[in-house]
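*Asks:* Have a look at this one before I ask anything.
The values are calculated or read from the model by the stated rules, or taken from the named source; none is laboratory data. This one's a predicted model, so the numbers in the text were calculated from it and none came from an experiment. In this analysis, Cβ positions are derived from the backbone assuming ideal geometry, glycine residues included, and neighbour counts consider all displayed protein chains. Ligands, DNA and RNA are stripped out before the accessible areas are found, and what is left, the full protein with its side chains, is counted by its heavy atoms. Shrake-Rupley method; radii C 1.70, N 1.55, O 1.52, S 1.80 Å.
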Protein chains: 2
Amino acid sequence: MSRHTAGGTIASMDSSNTRREATRRKLFEAAVTLIAEQGFSSTTVDEIAERAGVAKGTVYYNFASKNVLFEELLRHGVEMLAASLQNAADEVAERGGSRVDALDAMIHAGLYFISQYPALTQLYVAELWRTNRTWNSTLMMVRERAVSVVADVIRDAVAGGELSEEIDIPLTASALFGMVLVAALDWQSFQPDRSIDDVHAALSRLLQGRVSGHQHAGGAGAEAGTCPS
Amino acid sequence: MSRHTAGGTIASMDSSNTRREATRRKLFEAAVTLIAEQGFSSTTVDEIAERAGVAKGTVYYNFASKNVLFEELLRHGVEMLAASLQNAADEVAERGGSRVDALDAMIHAGLYFISQYPALTQLYVAELWRTNRTWNSTLMMVRERAVSVVADVIRDAVAGGELSEEIDIPLTASALFGMVLVAALDWQSFQPDRSIDDVHAALSRLLQGRVSGHQHAGGAGAEAGTCPS
DNA sequence: CTTTTTGCACTGACTGGTCAGTTCAAGAGG
DNA sequence: CCTCTTGAACTGACCAGTCAGTGCAAAAAG
């Protein structure tokens, strides 16, 4: 019989109240910053424990291994990001905005997320394209989860005629994702004083093709030389 | 004593066809793939030596330490990339193309470079935004070197009236860089069969604002450029 | 009410293994 | 003969994971 709470099953789910859950959260927080700074391999479990203010044994009481701690961290993080992006898109849809507006809102949400969790973002970028790593499948899933939110909106926009049918949906989603990712990391690293709206406006401008002053007036040659055929 | 290596950095510059230089190149090649796969910390010097087909002692005869080997690798790699981008831009300029054409050519050159040196690219992405690392200043320099090539062309384009004066040059350069980087890594990782021109066309389309089907009146004219099929 | 039991959550010294870097004598090569 | 390479043995630091033990609050027993 479990002496604590009535049902053991529920007790383990019950996230916010238990002492254990608080410890896990502290460990996540400690791990994410340390790993973002130093990388996974050069971050020691002792460091994580110290930063979290617990003993090393506690880490192993709460997570099966350093690897498992990291995987759960990745999963937890990407759920937050995906939810945040999805939410931004949904809000625009409810308000009756277009899909393109939704994409724009997602860029804003992405920028906001990165500004809130810069360490988590650094960490993803650093690990996402690495091969031969034990947690590769987790990383795959994580990437898919994030990019597909963007791809879905693009797909809807194409279906609704808002975007050209000729665009390459997965590639465009990736490119968009990368654009926001790298621009945001540079923003955070090198121009942290700029406002999010400022950065957002710059990216929007780039995307909407309003970068060029006199568009394609005479510049039809933009890719004339590059087309193979 | 091992000081001959430290002092011999310059000496090794002039001798480009010595036996030693060949060994160094083999070590670079071995190191870049291993580190891209596993990360710096979890790649051992023994592994690098084995992959390069030399003895461990040789590694330390040629490089002062594992760290120094890595730093020289980073420098060497970014010089190749910067030269490649610059070259693409210069060729367009010589042919009398516009700056926007030069940007487009740089995207192509970037894609090509990444397809040629995927491991090097992975490695940069993984390390570029990391803080608190011994070789941080090297990384800073490396990033600056690469992005500034792009930024310079954008600046010229703005000065020449080809691009709007309202664009944010450094941020746009970063965003562009990130777009190509992430799209290329996804291409290599998940759709390696696609041709470079196909990927290039998709990115050009995204950039030129011709993604949207009926948004900008100006974009309609050039729509013929659906090169891939 | 008090005493005892139970077991969760946590502790931190310890272990066994790994790895960067060293050393050096014996070649290889040009 | 001087530069470069080999290969193996060695050192010492560092680190993931273990385990015997502690503290505590709630439940059971008295």
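*Asks:* Quick check: anything in segment A:130-147 part of a helix (DSSP H, G or I), β-branched (Val, Ile, Thr) and under 27 Å from residue B:133 (Cα atoms)?
*Replies:* Yes, segment A:130-147 contains a residue that is part of a helix (DSSP H, G or I), β-branched (Val, Ile, Thr) and under 27 Å from residue B:133 (Cα atoms).
*Asks:* If you go through segment A:44-67 one residue at a time, do you hit one that is in a loop (DSSP other than H, G, I, E, B), open to solvent by less than 20 Å² (accessible area, probe 1.4 Å), at pLDDT 95 or above and not acidic (Asp, Glu)?
*Replies:* Scanning segment A:44-67, I find at least one residue that is in a loop (DSSP other than H, G, I, E, B), open to solvent by less than 20 Å² (accessible area, probe 1.4 Å), at pLDDT 95 or above and not acidic (Asp, Glu), so the answer is yes.
*Asks:* Here is a list of conditions, (1) out of contact with any Lys or Arg (no Cβ under 6 Å at 6 or more places or on another chain); (2) more than 7 Å from chain A (Cβ to nearest Cβ); (3) free of Cβ contacts under 8 Å to residues at least 60 places away in the same chain, and residue B:202 meets all of them except one; can you say which number that is?
*Replies:* (2)
*Asks:* Can you name every residue in segment A:84-136 that is free of Cβ contacts under 8 Å to residues at least 12 places away in the same chain and among the small types (Gly, Ala, Ser)?
*Replies:* A:93, A:96, A:97 - these are the residues of segment A:84-136 that are free of Cβ contacts under 8 Å to residues at least 12 places away in the same chain and among the small types (Gly, Ala, Ser).
*Asks:* Moving on. Out of curiosity, is residue A:109 over 14 Å from residue A:182 (Cα atoms), more than 15 Å from the chain's Cα centre (by Cα) and part of a helix (DSSP H, G or I)?
*Replies:* Judged against the criteria, residue A:109 is not a match.
*Asks:* Restricting attention to segment A:38-59, which residues are hydroxyl-bearing (Ser, Thr, Tyr) and touching a residue at least 12 places away in the same chain (Cβ under 8 Å)?
*Replies:* Result: A:43, A:58.
*Asks:* Taking segment B:34-43 on its own, how many of its residues are within 11 Å of DNA strand D (Cβ to nearest atom) and surrounded by 15 or more Cβ atoms within 10 Å (Cβ to Cβ)? It would help to see each step written out before you state the result.
*Replies:* Step one: filter segment B:34-43 for residues within 11 Å of DNA strand D (Cβ to nearest atom), giving B:41-42.
If we keep only those that are surrounded by 15 or more Cβ atoms within 10 Å (Cβ to Cβ) as well, we get B:42.
Within segment B:34-43, residues that are within 11 Å of DNA strand D (Cβ to nearest atom) and surrounded by 15 or more Cβ atoms within 10 Å (Cβ to Cβ) number 1.
*Asks:* Moving on. For segment B:152-186, enumerate the residues that are within 8 Å of chain A (Cβ to nearest Cβ), crowded, with 19+ Cβ neighbours inside 10 Å and touching a Ser or Thr at 6+ places or on another chain (Cβ under 8 Å).
*Replies:* Passing the criteria: B:162, B:163, B:181, B:182, B:183, B:185, B:186.
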